[in-house]
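Remarks on the structure that follows.
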């Protein structure tokens, strides 16, 4: 059965996080029969797949390279008119999918994305992510850069397929895809389309190192080159 939205989530050893993510996803204000959940697992050796099967409509093993390839694998087996991307450590507000649908009602919109809010309540994270969100909003308004992060972006299926989906990049593939999407139509930034985002990378790498990795990935995506540092296959326990 064709659905309005397909939500694609790449996973790898996420049993500590995936349950709360999927619980927030099955408790949306949008009717459950209007969307499907697709999990693409990269070879987890914990309980990730077992937990995912309790919530998801489709659970598959990843075939393509990289996190972008995992998203492409999921989209290929999904049926929604809109494909929404998020991550296993995200907590979604109840109206996330309903708001995505509303944003796509504007003529010419090919992709929608929004801000992130840290799950962890530490002041430095709130300040840092608040600054990131403001810069992302300004950059989108000026049409100089679109921060279409993989944890909070939705794309029209026909456009996704036409541009060839995500590229195989070590990191920054979620920013790079915006370079091709903007040639197809309007990329809409919705400041109210937020998700709650884990700061575990900051906890693992430290703020300075994590910001350096993010900056290098940003530069690589702007240049259309491969990022030098990858977040994939990391374990944060």
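Looking at segment 110-118, can you tell me whether even one residue there is in a loop (DSSP other than H, G, I, E, B) and surrounded by fewer than 18 Cβ atoms within 10 Å (Cβ to Cβ)? Checked segment 110-118: no residue is in a loop (DSSP other than H, G, I, E, B) and surrounded by fewer than 18 Cβ atoms within 10 Å (Cβ to Cβ). Scanning segment 58-80 for residues that are closer than 19 Å to residue 114 by Cβ and not in a loop (DSSP other than H, G, I, E, B) turns up at least one hit. The residues of segment 21-47 that are buried (at least 17 other Cβ atoms within 10 Å of the Cβ) and under 22 Å from residue 120 (Cα atoms), listed by number, are 21, 22, 24, 25. Does residue 11 qualify as being surrounded by 19 or more Cβ atoms within 10 Å (Cβ to Cβ) and farther than 20 Å from residue 156 by Cβ? Judged against the criteria, residue 11 is a match. Evaluated against (1) under 15 Å from residue 190 (Cβ atoms); (2) assigned to a strand (DSSP E or B), residue 83 falls short on exactly one condition, (1). For segment 7-31, a tally of residues being touching a residue at least 60 places away in the same chain (Cβ under 8 Å) and closer than 22 Å to residue 73 by Cα returns 12. For residue 151, the conditions (1) part of a loop (DSSP other than H, G, I, E, B); (2) modelled with pLDDT under 90 are fulfilled apart from (2). Within the span defined as segment 55-64, one or more residues are under 22 Å from residue 178 (Cα atoms) and in contact (Cβ under 8 Å) with a residue 12 or more places away in the chain. Among the residues of segment 86-98, those identified as surrounded by 17 or more Cβ atoms within 10 Å (Cβ to Cβ) and not in a helix (DSSP H, G or I) are 86, 87, 88, 89, 90, 91, 92, 93.
Just one residue in the set 155, 100, 91 is out of contact with any helix residue (DSSP H, G or I) (no Cβ under 9 Å at 6 or more places or on another chain) and in contact (Cβ under 8 Å) with a residue 12 or more places away in the chain; that residue is 100.
The values are calculated or read from the model by the stated rules, or taken from the named source; none is laboratory data. Bear in mind that the values here come from a model prediction, so they are computed numbers and not experimental data. Every residue, glycine among them, receives a Cβ derived from its backbone with ideal geometry; neighbour counts consider all protein chains shown.
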